[in-house]
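Reading through the structure tokens given below for one structure.
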Amino acid sequence: MHNQDMKKNHIVLILIMFIAAVVAISSYTNRETPIGGETDEHGCMLMAGYTWNEEVGACIREWELNENQRQAAEIAVEYIGYTKGTTVLRVDVARCPGCFAVQLEKGRDRIDVTLENWKIIGRTLTPEECEAMDGRVLNIVGGVDCEDNETNVNNVTGFISPNVCCVPCAKEGESFSQVYEDYPEHCCEGLTEWHSGFDTRISIADECYDTGLAAGYPVGTCINCGNDICEDIETLCNCPEDCAGKNKSDYLTVGEFCQSTFWNQTISGACEEDIIKDSPICELC
């Protein structure tokens, strides 16, 4: 008899615990606020210590950021664009002037923004942003990498395992452009993006000079600069580390340049008309 009473008590206790669990789960499911607690009108999680900062334009923990870190956070927030609830999770200081790694939370995405000398040099992408670049999201677990005709432009957020964005790229000697869709936007990894459509410099006696001439063709060329070989497409101006001291100047001597048609019919006139009067090239002849 005693054992039967014990069993009944156990059953009742289990039922009570089950009902309490169901009520707790139902209460949690119906909550409208995130785990961090109540949010303010800007979407900042107050219970997690985040408050709205007008200068930064996002939710921050005031005590975690000094003046420089707040400035870096402000630059990063402005770059990615603010939406309600945008939160600065951390700002790490790197060992160079104006260098920071800023991690932000925007909606469901965590975005890493890198600054160097107070300028944006990179950020993680969302899957949608990768696709908008005609790229594909690639899981790199196990050492998988982009194809030879692709380049890794950055990490992609929103995944538990590491993913990158692989976009079509231009090989050595091929053209690239961020304007014309007929060309890849970037050179393949390891190549240098020479903005040849805007480059009007010339080399004279192993020195590079700016001609000041107008140029505006938004198509560049990919070069393999830094391999100690001055390729035909490389010059003293676009790759001095490979071409200096190898008789690769457009004009081997100053005298050769001063006797050239280019000087007599183009540069000398530009110097006289004050277009490039103060340029060092005007002082050669």
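Residues in the stretch 245-279 that are without any contact (Cβ under 8 Å) to a residue 40 or more places away in the chain and either touching a Ser or Thr at 6+ places or on another chain (Cβ under 7 Å) or β-branched (Val, Ile, Thr) (or both): 261 only. Condition (residue is in contact (Cβ under 8 Å) with a residue 12 or more places away in the chain, of a type in the set (D, E, K, R) and crowded, with 17+ Cβ neighbours inside 10 Å) applied to the stretch 142-158: is it met by at least one residue? Within the stretch 142-158, one or more residues are in contact (Cβ under 8 Å) with a residue 12 or more places away in the chain, of a type in the set (D, E, K, R) and crowded, with 17+ Cβ neighbours inside 10 Å. Checking each residue in the stretch 191-244 for being assigned to a loop (DSSP other than H, G, I, E, B) and touching a residue at least 60 places away in the same chain (Cβ under 8 Å) picks out 210, 211, 212, 233. Quick check on the stretch 164-183. Is at least one of its residues more than 20 Å from the chain's Cα centre (by Cα), under 24 Å from residue 198 (Cα atoms) and part of a strand (DSSP E or B)? Yes, the stretch 164-183 contains a residue that is more than 20 Å from the chain's Cα centre (by Cα), under 24 Å from residue 198 (Cα atoms) and part of a strand (DSSP E or B).
State all residues of the stretch 42-59 that are of a type outside the set (A, V, I, L, M), part of a loop (DSSP other than H, G, I, E, B) and touching a residue at least 12 places away in the same chain (Cβ under 8 Å); if no residue qualifies, say none.
Within the stretch 42-59, the first condition is being of a type outside the set (A, V, I, L, M), and the residues that meet it are 42-44, 49-55, 57, 59.
Filter once more, so that each one left must be part of a loop (DSSP other than H, G, I, E, B): 42-44, 49-50, 54-55, 57.
Residues satisfying the conditions are 42, 43, 44, 49, 50, 55, 57.
Can you say whether residue 114 is in a loop (DSSP other than H, G, I, E, B) and polar (S, T, N, Q), as far as the supplied structure shows? Here the answer is no, as residue 114 does not meet what is asked. If you go through the stretch 87-111 and pick out every residue that is of a type outside the set (A, V, I, L, M, F, W, C), out of contact with any Asp or Glu (no Cβ under 9 Å at 6 or more places or on another chain) and part of a strand (DSSP E or B), you end up with 5. For residue 137, the criteria (1) closer than 22 Å to residue 80 by Cα; (2) out of contact with any Cys (no Cβ under 7 Å at 6 or more places or on another chain); (3) at pLDDT 90 or above hold in every case but one, which is (2). Can you find a residue that is among the hydrophobic types (A, V, I, L, M, F, W, C) and closer than 28 Å to residue 216 by Cα anywhere in the stretch 158-168? Within the stretch 158-168, one or more residues are among the hydrophobic types (A, V, I, L, M, F, W, C) and closer than 28 Å to residue 216 by Cα. Quick check, is residue 180 out of contact with any Cys (no Cβ under 8 Å at 6 or more places or on another chain), of a type in the set (Phe, Trp, Tyr) and crowded, with 16+ Cβ neighbours inside 10 Å? Answer is no for this residue. Return yes when residue 146 is hydrophobic (A, V, I, L, M, F, W, C), within 17 Å of residue 69 (Cβ to Cβ) and either assigned by TED's automatic domain parsing to the domain that holds residue 45 or assigned to a loop (DSSP other than H, G, I, E, B) (or both) and no when it is not. Criteria not met by residue 146.
The values are calculated or read from the model by the stated rules, or taken from the named source; none is laboratory data. Since the structure is predicted, the reported quantities are computational estimates derived from the model, not experimental observations. Every residue, glycine as well, gets a Cβ built from its backbone with ideal geometry; the counts of neighbours run over all protein chains shown.
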